[in-house]
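First comes the structure, then the notes that go with it.
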Amino acid sequence: MAENLKQYWSTRYQEAQTGWDIGYPSTPIKTYINQLEDKNSHILIPGAGNAYEAEYLYQQGFSNVHILDISEIPLKEFKKRNPDFPEENLHNADFFEFKGEFDLIIEQTFFCSFVPTPENRSTYAKQMASLLKEGGKLVGLWFNFPLTGEMKKRPFGGDKKEYRSYLSPYFNLKSFEPCYNSIPPRAGKELFGIFTKR
């Protein structure tokens, strides 16, 4: 399955079918980053793509930013843009098999990128928790629109109640509300959440 996903996402990049890529860090996540104080926090961005949020973190002096993507194409592009970024912090791997320990994981609608079976979604929640230190945070954006039953057309949606049902066994909810500062094309379609590992 991982190999199929790797091929799928690599093809999307090769064919420039990257409608999710806005070309800069999304406003809600940038606003959150601006409130962070500990520049030594170990931070992971899974399914990072071109990783503009990681680029912004690095520019702001965060020294332990890690980027994970199943396709090596966006990682290579990121390295071209940021030649000084530590090579060892670029991870070409399957999120579901990745190991590590982080203070903060930034979620940039990654949850909505894989086939929305209950098994995939519960495994996501369990894996996110396993990658966080005790008390670590999962923070970011989830799409807020109904699932259609279509199993091929990404991104896949959901709603607050459904997302919480998967996350609540592993996380305490700090906040999870409709996003007030989405970019215009996504206005009314995003939830911003802050969850703390139990």
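The values are calculated or read from the model by the stated rules, or taken from the named source; none is laboratory data. Being a predicted model, the structure only gives us computed values, none of them experimental. Counting neighbours? That spans all protein chains shown, and the Cβs are built from the backbone with ideal geometry, glycine included.
Which of the residues belonging to the stretch 76-115 are crowded, with 20+ Cβ neighbours inside 10 Å and among the aliphatic types (A, V, I, L, M)?
90, 104, 105, 106
How many of the residues in the stretch 52-75 are over 20 Å from residue 42 (Cβ atoms) and either crowded, with 20+ Cβ neighbours inside 10 Å or aliphatic (A, V, I, L, M) (or both)?
4
Taking the stated definitions as given, is residue 37 among the acidic types (Asp, Glu) and free of Cβ contacts under 8 Å to residues at least 60 places away in the same chain?
yes
Go through the stretch 165-198 and report how many residues are at pLDDT 95 or above, over 17 Å from residue 32 (Cβ atoms) and among the small types (Gly, Ala, Ser).
So the answer is 2.
With respect to residue 156, determine if the residue is surrounded by 19 or more Cβ atoms within 10 Å (Cβ to Cβ) and either among the polar types (S, T, N, Q) or part of a loop (DSSP other than H, G, I, E, B) (or both).
The answer is yes for residue 156.
Considering the stretch 41-91 alone, what residues qualify as being closer than 23 Å to residue 127 by Cα, polar (S, T, N, Q) and without any contact (Cβ under 8 Å) to a residue 40 or more places away in the chain?
50, 64, 89
Can you report the number of residues in the stretch 163-185 which are without any contact (Cβ under 8 Å) to a residue 40 or more places away in the chain and under 11 Å from residue 141 (Cα atoms)?
Counting residues in the stretch 163-185 that are without any contact (Cβ under 8 Å) to a residue 40 or more places away in the chain and under 11 Å from residue 141 (Cα atoms) gives 3.
Among the residues of the stretch 113-135, write down those that are touching a His at 6+ places or on another chain (Cβ under 9 Å) and among the polar types (S, T, N, Q).
Selection gives nothing.
Could you check how many residues of the stretch 159-195 are outside any helix (DSSP H, G or I) and either of a type in the set (D, E, K, R) or closer than 17 Å to residue 108 by Cα (or both)?
20
Criterion first (under 17 Å from residue 28 (Cβ atoms) and surrounded by fewer than 15 Cβ atoms within 10 Å (Cβ to Cβ)) does residue 172 satisfy it?
Judged against the criteria, residue 172 is not a match.
Given the options 113, 168, name the one that is of a type in the set (S, T, N, Q) and either under 20 Å from residue 93 (Cα atoms) or within 15 Å of the chain's Cα centre (by Cα) (or both).
Just a single option satisfies the conditions, and that option is 113.
Any residue at all in the stretch 123-139 that is modelled with pLDDT under 95, outside any helix (DSSP H, G or I) and among the hydrophobic types (A, V, I, L, M, F, W, C)?
For the stretch 123-139, residues modelled with pLDDT under 95, outside any helix (DSSP H, G or I) and among the hydrophobic types (A, V, I, L, M, F, W, C): absent.
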